[in-house]
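Structure first, then comments.
The values are calculated or read from the model by the stated rules, or taken from the named source; none is laboratory data. This one's a predicted model, so the numbers in the text were calculated from it and none came from an experiment. Note that we place each Cβ from the backbone using ideal geometry, even for glycine, and neighbour counts take in every protein chain shown.
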Amino acid sequence: MKNKLMYLVAVLFAACVGFSSCGDDDDDDIPVEFSGTWKFDKTHFVFDYSEENITIPSMDPMTPQEITNTVIQLGNEKMGEYFTGIRFDSKKDLTILMKIDGANKELSATYVVQKSKIDVTLNKDELSVLVGKDIPMMPAISLIYEMGTTDLTLFIDKTYIQTLLSIVDNLDLDLSMQEQLIFTAAKAILNKTTTLEIGATLKR
Amino acid sequence: MTDTFNHLFIDKNMRKLYSTALLLTLCGTLSAQRSAVVQTNDSTFSAIKQLQEVTISAEKRELSISEIPIALSVISGKYLLNENNPDLRNLSGRIPNFYMQEGGLKLSTPLYVRGIGTVSGTPPVGLYVDGVPVFDKNAFIFDLYDIKQIEVLRGPQTTLYGRNSIIGLINIRTNPPAETFSLQAKAGVSSYNSQNYMLTANLPLRDYLYNKVSFSYNRTDGYFKNDFTGGKPNKSDSYNVRYQGRLHTNDTWQVTLGANYNHSFDDGYAYHAIDSLKVHRYRVNYNANASYKRDLASAYLNARKLFDRTALSWITSYSWTKDEQELDADFTFHDVFQNQKESKQNLVTQEINYQSTASEKLDWTIGTFGFYKDLTNDYLATFGAERKLLLPLNLDKTLYYNNTNTWGIAGYGQVTLKNILPGLFITVGLRYDYEKASLDYRDSLLFHGAKDFSGYHDWEEDNSYSAWLPKFSVLKKWNTRLSAYASVSKGYKAGGYNIIANDMTSQVVKLEYDKETLWNYEIGTKYFSRNGRFNVNAALFYIDWKDQQIFVMEMMGPSIKNAGDARSFGAEMDLTWECLPHLTYFLAAGYSNSEYYHHLTKEYEGNRIVMAPEFTMNTGFSYQKKVDISLFKSFMASTSVTGFGKQYFDEANTLKQNPYFLWNMDFGVSGKYIDFHLWGKNILNKAFFCYMFNSPVGKNLPEYLNSGQSGAPSRFGASITIKI
């Protein structure tokens, strides 16, 4: 009787402690699937303004359409020279494909997707090597994405740009008079902007 | 009159005079009694015996202390002294390894048991009042009056009580409505122009509905003054209305119902730079309004049907809470940052429990528990002209909306095999707890110079949390006076969502924090001497704590994160000894060594856990005797020292409070129609800090980097109770 009792106690105790090794199910929540390589196709720029003309220091007034055309043209030329595409390696990792001085370069990053937002965090060490300068910390860049049948558009919007500008505004940088004028003008233009999206469209 | 009263109680010389008078009264009374001894039943001898015979309901059935394989303390409502309107914070230090920060607002009070706890967020200890759960910390601080007894169980109670009882349970039982008419009125005054009033009436209706109605009101000027407002003190007041009913149908039914409404208002936070508080303990200096207003309403129905050998219990409760907080969030006189928060909550709980009642060999209990909680927070952060001292963004305001719906369901069972061998009891319990939380969150920013807010985050998500919660214990009972036990149990606290997003450089919302779990291993013993003059309860424990939820003050506001893993080990003892007739020595002591062994920040590994004091202690003497003097039939006098060990207030262990001890005294006379009570707390006016933190503005204002709150000064009070 005593041995049976000891056996019962030992079994109950083992069962109880055994719970401590049970893992709990974790939710494997991946909102959106990206796969493969996406190549840069064209600049994405959407700009709406609350007035007919935009006044930029040292320049003639321009219409919103003129600014849009200029930015898209410049972007297609310049962005395409340096940025060739993105490759999604897994549900958390991606690689940014670039061309610097004619040579293909890759920069690793991690990403998190939430609804139509994607946070991309560049690999700090690789970026330090690329720019030749130690980078102490690397915050995430928040982008909005729109997925089409064969294309993927990634961009930052007006609110995000305002947030970045307000960070710069708070830094008390030692700007020259000209730089201060441009910065102030940029803030003023942004305040009157109704829609602003800057980014790129990529094709699979 | 107010000035005179304050002068009477606050002046240092008067304080010494008053405590000397209290001491002389105590000694004089003792001396008088030695020559006029009246042998009665109502002596300390009976107090230990009463403790041995008291029944504990926290295990969801009536058991004696020696039958429960859990470290626990019981405080009778008669001994809830020390202040005119005590609340749970008065238990701090009186119960081994139980620490609850005194002072601060009712919004959230840090609570630690055995080194485990939280500064803010979901409570680590379950709180039940007459079988009804109190879920949130903002409802934990309320006046404890008309209390029958308070049971404090240490160690996880999640098998029977589920979420949020990760390291303990406080089970409060109020006095039930009486079968005859009675009326009790109490009035009290104490330091800092504090007044409290209480009225309780037992109103039986025929012989089937016994009613009790009670009302209490408290107000105080407080002891902190704000230099910025010219020395305005932080007043507070509150009132409470309570109804309890007991239906008497026949002996097989027990039905109780109740409703409660509480309103309170606290003016001001008491945080300031540590260096300044060391010079002027109770002077703060901030430029914006700070207050906390709270309204709580609740109702419950508790029905129990007794069968031949079983009983079925049904407990339904509903509570509604609304609170508003205004805060100068930088706690300085600079115009940096203020916030306003308004929250509303509805909570419904339902428990059904079926258990055996009359068995010599087997006690079993099965039950189910469900709840639904709907919590909405609206939060506005306003940034002032000097916002650059804190904020990297040039914002005027940020507006947040957070609605979290949570529902949960659990099933539990517990079996105790009794006298498998003579005196050997084995208890096995298991619970499955599941809950799902749904978040609806959005915020928007008002950039400096802009006219309208810009929407920033907009997110909805669901998350579920579940756990199996076992417990196992072996208890050996040699007789009704001596028992020893060993137990293993799992504790669990569900995950959830933070109120606001702190990272404004990311448009992805990351508000979730994960659940935390722990395992508690414990051995203990309980002993009552044969002559009823000595009692000791002692325990040793080891706790392994995973994914600890910690509270962090970030740029935009508070945040809860899973920091890592910690362990805690220690010992506890409750001792009561009637060393002379009517004179009892008591000691409640706890030691805990708690540290992180895994942390998000590697350098914090090996550091002590935030806020948990290394030891707690309450020791002293109590004298109780029946007398026959005019209107008074009994008196009580007590002197005690409450002590707390070393505490760290940050994970880096740079903010430290060394051990400190507080001297307290109580004196009371009681009769059939009248009670009179005098008390003194922290009589020697010991200076200490009850809270410290690293202020977010500290990087730019180094004098504020280490900020905190001074502990309460000496207080004295008196009350009179008329009973009809």
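Brief remarks follow.
- For B:Y208, the stated conditions do not hold, so it cannot be described as in contact (Cβ under 8 Å) with a residue 24 or more places away in the chain, crowded, with 16+ Cβ neighbours inside 10 Å and either farther than 18 Å from B:G77 by Cα or touching a His at 6+ places or on another chain (Cβ under 8 Å) (or both).
- In the stretch B:224-271, residue nearest to the chain's Cα centre (by Cα) [restricted to those that are within 17 Å of B:D328 (Cα to Cα) and among the polar types (S, T, N, Q)]: B:N234
- Of the residues making up the stretch B:201-246, those that are over 23 Å from B:P177 (Cα atoms) and among the hydroxyl-bearing types (S, T, Y) are B:T220, B:Y223, B:T229, B:S236, B:S238.
- Index of the failed condition, B:E516 passing every other in (1) closer than 30 Å to A:T194 by Cβ; (2) surrounded by 22 or more Cβ atoms within 10 Å (Cβ to Cβ): (1)
- For the stretch B:623-669, the candidate set comprises residues that are buried (at least 21 other Cβ atoms within 10 Å of the Cβ) and among the polar types (S, T, N, Q); within that set, the residue that is nearest to the chain's Cα centre (by Cα) is B:T642.
- Matching option when the condition is in contact (Cβ under 8 Å) with a residue 12 or more places away in the chain and either within 14 Å of another protein chain (Cβ to nearest Cβ) or assigned to a loop (DSSP other than H, G, I, E, B) (or both), among B:T368, B:T349, B:T332: B:T332
- Residues satisfying the stated conditions in the stretch B:228-241, i.e. in contact (Cβ under 8 Å) with a residue 60 or more places away in the chain and either among the acidic types (D, E) or surrounded by 16 or more Cβ atoms within 10 Å (Cβ to Cβ) (or both): B:S238, B:N240
- Taken over the stretch B:332-348, the criterion of being touching a strand residue (DSSP E or B) at 6+ places or on another chain (Cβ under 6 Å) and buried (at least 20 other Cβ atoms within 10 Å of the Cβ) is satisfied by B:F337, B:Q338, B:N339, B:K341, B:S343, B:Q345, B:L347.
- Scanning the stretch A:101-114 for residues that are surrounded by fewer than 17 Cβ atoms within 10 Å (Cβ to Cβ) and either within 14 Å of chain B (Cβ to nearest Cβ) or touching a residue at least 40 places away in the same chain (Cβ under 8 Å) (or both) yields a total of 1.
- Test result for A:A140, touching a helix residue (DSSP H, G or I) at 6+ places or on another chain (Cβ under 9 Å) and small (G, A, S): no
- The stretch A:133-148 - residue that is loosely packed, with under 14 Cβ neighbours inside 10 Å and under 16 Å from the mean Cα position of the chain (by Cα) and, of those, farthest from the other protein chains (Cβ to nearest Cβ): A:M147
- Filter pass, B:L518 being more than 22 Å from the chain's Cα centre (by Cα) and either of a type in the set (S, T, Y) or assigned to a strand (DSSP E or B) (or both): no
- Within the stretch A:165-190, considering residues that are within 12 Å of another protein chain (Cβ to nearest Cβ) and in contact with a strand residue (DSSP E or B) (Cβ under 8 Å, 6 or more places away or on another chain), the one farthest from B:V508 (Cα to Cα): A:L190
- Of the criteria (1) surrounded by fewer than 18 Cβ atoms within 10 Å (Cβ to Cβ); (2) within 14 Å of chain A (Cβ to nearest Cβ); (3) in contact (Cβ under 8 Å) with a residue 12 or more places away in the chain; (4) not in a strand (DSSP E or B), which one B:K397 fails: (4)
- Filtered residue count, the stretch B:642-699, keeping only those that are of a type in the set (S, T, Y) and closer than 17 Å to B:N97 by Cα: 3
- Of the numbered criteria (1) part of a strand (DSSP E or B); (2) surrounded by fewer than 21 Cβ atoms within 10 Å (Cβ to Cβ); (3) at pLDDT 95 or above, the one B:M617 fails is (2).
- Residues (in contact with a Lys or Arg (Cβ under 8 Å, 6 or more places away or on another chain), at the interface with chain A (Cβ under 9 Å from one of its Cβ atoms) and of a type outside the set (A, V, I, L, M, F, W, C)) located in the stretch B:504-535: B:Q507, B:K515, B:T517
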